[in-house]
Amino acid sequence: VFKVQPNQIKTEIQPTMWGVFFEDINMGADGGIYAELIKNRSFEFYKPLMGWTLEGKKVEGEMLVLNRGEANSSNPRFLRVLVNKEPKSMVNEGFRGMGIKAGLRYDFSFLYRQAKPGIKLQLELLNEKNEVIGKGEIIPTSVGDTWHKQEVSFNATATANKGKFRVTFSGEGTIDVDMISLFPSDTWKGRKGGLRADMVQLLADLKPGFVRFPGGCIVEGHDLSTRYQWKKTIGPVEGRELIVNRWNTEFAHRLTPDYYQTFGLGFYEYFQLAEDIGAQALPILNCGMACQFNTAEVVPLDQLEPYIQDALDLIEFANGDVNTAWGKVRAQMGHPKPFNLKVLGVGNENWGPQYIERLKLFTKAIKTKYPEIKLVNSGGTDPDGERFDYLNTELRKMNADIIDEHYYRKPEWFLQNAARYDNYPRNASKIFAGEYAAQTDKVVSVNNRNNLKGAISEAAFLTGLERNADVVIMASYAPLFAHIEGWQWTPDLIWVDNLQAYGTPNYFVQKLYSTNRGTHVVGLTSKNAKAAVGENGIYASTVIDKQSNELIIKVVNASDKEQKVTFDIDNAKGIQTQAKLTSLTSNSLDDVNSIDKPKQVFPKESTLAVKKKQIVHQLAPNSLSVIRVKLN
Ligand code: AHR
């Protein structure tokens, strides 16, 4: 039996409380949410023709990748095609094939230059059997030394999950081509060159408080040369210098040798995405250190200045008016209004004295120029270890605004740590639970699953984050996306193939929290004070939403028995007689969702009677229940 006191306000809950963590891992961006269908569109991958197959008779020198080098260092390569009556074809395989939808319009574009007209491009969408399921053609008309862009659109006549795209050059002459691009027209908000709408919609449905980007380890890079540099990800896409992805096979344990970051989804688009879905943007920047799991490469302190300047310039890019240098760049890209950046991260999973030394320099420079910006600092990866203790002590000595704690742990850890923040120092540094996910096999095992067991353990843990909303002001599950045929890490919140996307049980836990956030934590007690944190496998937390005047109870039964709970609502003015109940459970702890069964574990809605200011609820084994009721 619990006593709930809606009038006993414990603390405010920040609008940022439940957010999302985006990283280009598991083909999250290229081959994922970034809707470009052509792999290696600008011939810049390590093997210049990766993703492309040249068809027909090959004549030496008639299809040649040229490298301009310094003349265009951000996009040095292009393809020269010589057509001598015999047509020349090349097929692009897509990232793991291309998702093609019957009836949908596809937008083709490319850059070219030619001395004189004479060549025609025939464009064909192909299905798995190489049958043509959509076609168009384009006749390049401009001539001269400069590059021109030309576009054409055509419709698909059939659906294919693993389609391909053929370009055939016919006629006579020589043409240089680059940035061969194909997008579906059903992108998010219909933006050309935009994002996959179904994937963005799953994020929007979470109503996240923030979007953290661009990672993760890719912020750090395998080495400093492959660190994330935001300035190289803005402006015209053909000028965005791609790099090998930190999660390419070279550096990770899964087979993704074709994993690059083309940055079609760059910092401008991340800010825009956050704005679109009503979330605060939370960028994380490199702190002058490469990924410490791989190398120990750091930039010397006396050469850190450009890194710090990147941070200052980013704030100007996000918030400066159109007369500032970087505010002007933002305006030229289409967003004259500021993005209203409030929080910025410096370093991801960096630790040791090297991190603290560098962080101090960043903090001084940023706080001097932009005292209003709150900084997220890396709290490391080892919540039970010495490294973590060291960082926590040092960061608190620095009066860090927000400490980013990460935990990839077994479900049991999440259950045992639901009270983790109950005894954290109040009125000091705040906590960002920036990356967490229950690991159902071993930490970073390929056998980890997004099953009910992991999801329920996370739901229990989140009662503790919510209860401590004065200390924990942001939280996000990680990683966010994974392609079923191109992942390096599991579990992940949302899985996709080329045509579909589905939320895992963990996704629905996140959604139930974020869409039932409330505005204030309120009093919850039981006869046994510990009952709200794991006694008999029951975890609970209660909030109110002051705007809608509702009480919201979250209660988790992490045991395998049905259990009855009673909530006595101590509200002088009373309470309405019917509550809305949403519960998440399934028959087995091993149950998962999948492309074929996306709703095997899915929230169900019903009602509960409220009698004499009392709610009695029979909790299903291994379940999360969210109860909403209007207060009088
Ligand atoms: O979420 C996957 C990885 O886990 C992130 O890139 C990194 O920050 C953490 O180690």
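The values are calculated or read from the model by the stated rules, or taken from the named source; none is laboratory data. Owing to the predicted nature of the structure, the values given are computational and were not obtained by experimental measurement. Heads up, the Cβs are rebuilt from the backbone with ideal geometry, glycines too, and the neighbour counts pull from every protein chain shown.
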Worksheet item: Does residue 67 satisfy being touching a residue at least 12 places away in the same chain (Cβ under 8 Å) and either within 16 Å of the ligand (Cβ to nearest atom) or not acidic (Asp, Glu) (or both)?
Response: no
Practice prompt. For residues that are within 13 Å of the ligand (Cβ to nearest atom) and crowded, with 19+ Cβ neighbours inside 10 Å, tally how many sit in segment 365-382.
Written response: 5
Discussion item. Going through 173, 193 one at a time, which residue ends up being of a type outside the set (Phe, Trp, Tyr), more than 16 Å from the ligand (Cβ to nearest atom), in a loop (DSSP other than H, G, I, E, B) and within 29 Å of residue 112 (Cα to Cα)?
Written reply: 193
Item to complete: Only one of these is of a type outside the set (Phe, Trp, Tyr), away from the ligand (no atom under 16 Å from the Cβ) and touching a residue at least 40 places away in the same chain (Cβ under 8 Å): 6, 48. Name it.
Response: 6
Discussion item. Of all residues being polar (S, T, N, Q) and part of a loop (DSSP other than H, G, I, E, B) in segment 273-314, which is farthest from the ligand (Cβ to nearest atom)? Just the residue, please.
Written reply: 295
Discussion item. For segment 491-594, give me every one of the strands (runs of 3 or more DSSP E) that falls completely inside it and has 3 or more residues that are within 21 Å of residue 12 (Cβ to Cβ) and touching a strand residue (DSSP E or B) at 6+ places or on another chain (Cβ under 6 Å).
Written reply: 520-526, 538-545, 550-557
Fill in: Within segment 389-443, tally of residues that are under 25 Å from the mean Cα position of the chain (by Cα) and either within 15 Å of the ligand (Cβ to nearest atom) or part of a helix (DSSP H, G or I) (or both)
20
Worksheet item: Do we find that residue 565 is surrounded by 23 or more Cβ atoms within 10 Å (Cβ to Cβ), under 18 Å from residue 4 (Cβ atoms) and among the β-branched types (Val, Ile, Thr) in this structure?
Response: no
Worksheet entry | Selection within segment 614-632 - surrounded by fewer than 16 Cβ atoms within 10 Å (Cβ to Cβ), out of contact with any Lys or Arg (no Cβ under 6 Å at 6 or more places or on another chain) and not in a strand (DSSP E or B) | none
Fill in: Residue count, segment 324-360 (criterion: touching a residue at least 24 places away in the same chain (Cβ under 8 Å), over 14 Å from residue 314 (Cβ atoms) and basic (Lys, Arg))
2
Worksheet entry | Odd one out for residue 58, checked against (1) within 16 Å of the ligand (Cβ to nearest atom); (2) without any contact (Cβ under 8 Å) to a residue 12 or more places away in the chain | (1)
Practice prompt. Can you tell me which residue within segment 341-364, out of those that are of a type in the set (D, E, K, R) and surrounded by fewer than 18 Cβ atoms within 10 Å (Cβ to Cβ), is farthest from the ligand (Cβ to nearest atom)?
Written response: 364
Item to complete: Check segment 18-25 and report whether any residue there is within 16 Å of the ligand (Cβ to nearest atom), surrounded by 19 or more Cβ atoms within 10 Å (Cβ to Cβ), in a strand (DSSP E or B) and modelled with pLDDT of 95 or more.
Response: yes
Worksheet item: Take the residues of segment 315-340 that are surrounded by fewer than 16 Cβ atoms within 10 Å (Cβ to Cβ) and among the charged types (D, E, K, R): which is farthest from residue 432 (Cα to Cα)?
Response: 321
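Tell me whether segment 612-627 contains one or more residues that are out of contact with any strand residue (DSSP E or B) (no Cβ under 8 Å at 6 or more places or on another chain), under 27 Å from residue 500 (Cβ atoms) and of a type outside the set (Lys, Arg).
no
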Item to complete: For segment 516-548, enumerate the residues that are surrounded by fewer than 18 Cβ atoms within 10 Å (Cβ to Cβ), among the basic types (Lys, Arg) and at pLDDT 95 or above.
Response: 546
Worksheet entry | Subset tally (residues that are at pLDDT 95 or above and crowded, with 17+ Cβ neighbours inside 10 Å) for segment 570-581 | 2
Discussion item. Tell me the residue from 363, 368 that is out of contact with any Cys (no Cβ under 9 Å at 6 or more places or on another chain), outside any loop (DSSP other than H, G, I, E, B) and free of Cβ contacts under 8 Å to residues at least 24 places away in the same chain, please.
Written reply: 368
Item to complete: For segment 482-500, enumerate the residues that are touching an Asp or Glu at 6+ places or on another chain (Cβ under 6 Å) and either modelled with pLDDT under 95 or buried (at least 22 other Cβ atoms within 10 Å of the Cβ) (or both).
Response: 482
